[in-house]
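The values are calculated or read from the model by the stated rules, or taken from the named source; none is laboratory data. Note that the structure is a prediction, hence the values are computed from the model and not measured. Cβ placement follows ideal geometry from the backbone for every residue including glycine, while neighbour counts extend to all protein chains displayed.
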Amino acid sequence: MRRFWILLSTELKAWRHDPITALGGFIAPAVMLVAFGLLFGGRLTFKIALVNQDAGPYGALLRQTFDEVLSPFGTSYYDVADLPEDAAWRAYQTFRIDGVWVIPADFSARLAAGEGPTVAMHFMNYNDDRAKNHRIYAAEILWRFYEKARTELRPPAELPEPPLALAEVYPLPVMIDWFPIIAVGIVLLSITLGGMMNIFMLTYKEQVARITLEFGLAPRLLAWALAPKALLALIMGWLTGIVVMGLVYLWIGIWPGRYLWAAWLLAGLVALFWIALALLLGLRTRNYMPGAIATILTGVLVFFISGGLSLVRANVDRVIWLAWLFPNTYAVDPIRDLVLFHAWPADWTITLLRLIAFAGLSLAVGMGLAARGLRRCG
Amino acid sequence: MARFRLLLLTEFKLFRATVPVHLIAILQPTLLFLLMGLVLVYPTFDMAVARPTTPEAAAHVEALVSAMRQVGSPIGLPYINPILVEAPVQGATRQIITVEDRDGAPTAVQRYGLIDSNLVKNFRNRLTAAGLRLWNGSLGRRGVLVEEHPWLPRDLPYTLYFGVALLPMTVCLAASLLGGVGTAMDFEFGAITEYRLAPLSPALILAARLVRLVLTALVSAGILLAAIGLSTGAWPQASPQLAALPLVAAILLPVAVTAGCLGIIAGLILRRTIPTFVVGLTASLGGWLLGDAFGLAAGFGGGYQAVSRLTPNAHAVELLFRPYYGVTVAAPASSALALTLFSGGMVLLTALAYRRAVIRPMGDHPRQRRSRR
């Protein structure tokens, strides 16, 4: 055991010579966190201007409706700017707002008389996803407008009930947001990448410095020499994850709390699977840069296909077959249960056993091949 | 000229020493684009509708499914692909709609699985759009008609914008990474001594390096441009003054020069490969994120817009709107001027940094001259 601690402290000293390379496991997840946070984490409303030329009650009612209809994000679908007409068009043409609604002067009159009232919706469609949102958000506004016209206006509009009412049922009292789901996926990525980059860096340096020859001549099992590396890489992976989790906490206030140990246990087992593979890469590659980039790209690719962006359980039929070969796919949703919901995963035992199997098999194969290669060099 | 050609040839031969780095710097943005193409949302959603179990429900389900099929863009894709399924015994995986009787009123009840709020929003909005079609049908001439006035004659896929915004990032990444790593390796392997002793003008050496970086960066952009065209069907259109590809190259050229200079400066200052690589990567990704990466900056608020003006990426994306979308955004003349100033200023800084890092350590320092007297 004493030898183990000596080797571990030696590895730590080697790591301290080039700590900046440990950033390799942090930069990619941090950039992705910022990118997805900007995309999906902010106030996801459309900025529009409303030009209300109508003098009657229906124009004002329609204007009111915009503020009342809330999306599942808890905000209104639109942030409406009540600008004069010239200013509205200027803002639209300089892309400061996404659209302009124009309620014509005869809107109320035509609605009351049943003469086909219209509203003009001007919007940007250089992005078809936002164009789609403009169209389907308009449906939410109009649905609520009809309901208000029937029930709140005095006198109420003589409009029939909808032929089909709408209702919905969600399985939890509070809805899950998308960005936190992605953020937890990124935390798992950071722990994995942190471990991979550190072990890659440690073994590459020894390979280049030919210290591997000494390993090859070691009288004892080489697992004693490789295990401290794997442990240090795992610790660095966990620390990278703590830093990224800290960023997530500062941004959206999510922290695992007393479930941190369980989440980090699962993530650590996933990291060990990849650490074993990165160990082999570090011992074989001749050039640091391509090896490092290949490591990062592998981690990022696995993130995308293994449930990094959405719940695996809710999209089982959309997960490609390749993803089921990686432990990330099995671990990410239980980690989300622990971090986001502070709830014990229903499939905790089976997940733990699976991840132990993945990690054990990978470490056995990885360290076995590494030891064989080192002995051959010796 | 012969010396310059020789220098340029030598620069290109450096490719053989760093093949993996070159491949990654050149191909990685295209890989990112293709990956994100898998992830970015497409407008058409599959929506499960439970088969009716009573004759009363059958008419409503049929009407609802018919309305769902009509929900979509008049100039683009449909938004719903309704799928009739048997009602599940347990909870839905994503969602399922059943038509039920609630308090005497036929109601389309959408039950969700454990999905996130963004998916709920998309499913909810689509069902509302279908329901509104039915309601407007019963309202007749009292129903409100929304007249659509989209900016462009047809809806263009988001992957196109994403790819166009990646083009400046592609040239930045290739030029800054290769420039930085190449310069750092000159120090690490001692080649810098040969540059110091060479009887050549430093301007010639730097020019050869920059030309190589710019050409490599433009090749990288060309690969991404082809990927964008093949996946979206959108190819750049020519302007009255320039053909399509030269136009795109002319827009990206100052971005490549700026990024190449940044990489060379990082290499001259840091003199080590790995930190230089980190600087190049961070600068490229940062410029991309702050430079209209996900939408035109004006739509993200005054602060973001102000910061984006400081990146060459934002100006390049706005200039690329004309060849790709056929419309002009912002002020092309001021964007072109900004790019020219960025690249000119960076070339000047690079020359100063080169002088300080390479030429001055050779001696001829004023103090040394005084001591020799």
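Against the list (1) over 25 Å from B:F45 (Cβ atoms); (2) small (G, A, S); (3) at the interface with chain A (Cβ under 7 Å from one of its Cβ atoms), the condition B:G104 fails is (3). Before we move on, is A:T94 surrounded by fewer than 20 Cβ atoms within 10 Å (Cβ to Cβ), facing chain B (nearest Cβ under 7 Å) and within 30 Å of B:A306 (Cβ to Cβ)? So A:T94 fits the description; yes.
Residues in the stretch B:299-313 that are part of a helix (DSSP H, G or I) and at pLDDT 75 or above: B:G303, B:Y304, B:Q305, B:A306, B:V307, B:S308, B:P312, B:N313. Could you check the stretch A:112-142 and list, in sequence order, the residues that are touching a helix residue (DSSP H, G or I) at 6+ places or on another chain (Cβ under 7 Å), surrounded by fewer than 21 Cβ atoms within 10 Å (Cβ to Cβ) and on the phi < 0 side of the Ramachandran plot? The answer is A:E115, A:M121, A:M124, A:D129.
Within the stretch A:78-95, which residues are under 14 Å from A:R63 (Cβ atoms) and outside any strand (DSSP E or B)?
Here is the first cut: in the stretch A:78-95, the residues under 14 Å from A:R63 (Cβ atoms) are A:78-83, A:88.
Once the filter is applied, which keeps residues that are under 14 Å from A:R63 (Cβ atoms) and outside any strand (DSSP E or B), the stretch A:78-95 yields A:D82, A:L83, A:A88.
A:E115 meets all of the listed conditions (1) more than 28 Å from B:A63 (Cα to Cα); (2) part of a loop (DSSP other than H, G, I, E, B) but one, namely (1).
Can you tell me which condition A:Y170 does not meet? The list is (1) more than 30 Å from A:L309 (Cβ to Cβ); (2) without any contact (Cβ under 8 Å) to a residue 24 or more places away in the chain, and all the others hold. Of everything listed in (1) more than 30 Å from A:L309 (Cβ to Cβ); (2) without any contact (Cβ under 8 Å) to a residue 24 or more places away in the chain, A:Y170 misses just condition (1). Pairs are defined by a Cβ separation below 6 Å, a sequence spacing of at least 6 or placement on different chains, a first member in the stretch A:314-327 that is within 14 Å of chain B (Cβ to nearest Cβ), and a second member that is among the charged types (D, E, K, R); the pairs so defined are A:A314/B:R94.
Within the stretch A:96-108, does at least one residue satisfy the condition of being part of a helix (DSSP H, G or I) and not hydrophobic (A, V, I, L, M, F, W, C)?
Within the stretch A:96-108, the first condition is being part of a helix (DSSP H, G or I), and the residues that meet it are A:107-108.
Subsequent filtering for residues that are not hydrophobic (A, V, I, L, M, F, W, C) retains A:108.
The answer is yes; a qualifying residue exists.
Scoring A:V270 on the criteria (1) more than 26 Å from B:I26 (Cβ to Cβ); (2) of a type in the set (V, I, T); (3) at pLDDT below 90 leaves a single failure, condition (3). Scanning the stretch B:125-157 for residues that are crowded, with 22+ Cβ neighbours inside 10 Å, within 7 Å of another protein chain (Cβ to nearest Cβ) and assigned to a helix (DSSP H, G or I) yields a total of 8.
Each row is one residue, and each column tells you yes or no for (1) in contact with a Ser or Thr (Cβ under 6 Å, 6 or more places away or on another chain); (2) facing another protein chain (nearest Cβ under 10 Å); (3) crowded, with 20+ Cβ neighbours inside 10 Å.
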position	(1), (2), (3)
B:R16	no, no, no
B:V21	no, yes, yes
B:P29	yes, no, yes
B:P43	no, yes, yes
B:V49	no, no, yes
B:P52	no, no, no
B:A57	no, no, no
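Just to be sure, is A:Y170 crowded, with 24+ Cβ neighbours inside 10 Å and facing another protein chain (nearest Cβ under 7 Å)? No.
Kindly check whether there is at least one residue in the stretch A:145-156 that is facing another protein chain (nearest Cβ under 9 Å) and more than 18 Å from B:S73 (Cα to Cα).
There is at least one residue in the stretch A:145-156 that is facing another protein chain (nearest Cβ under 9 Å) and more than 18 Å from B:S73 (Cα to Cα).
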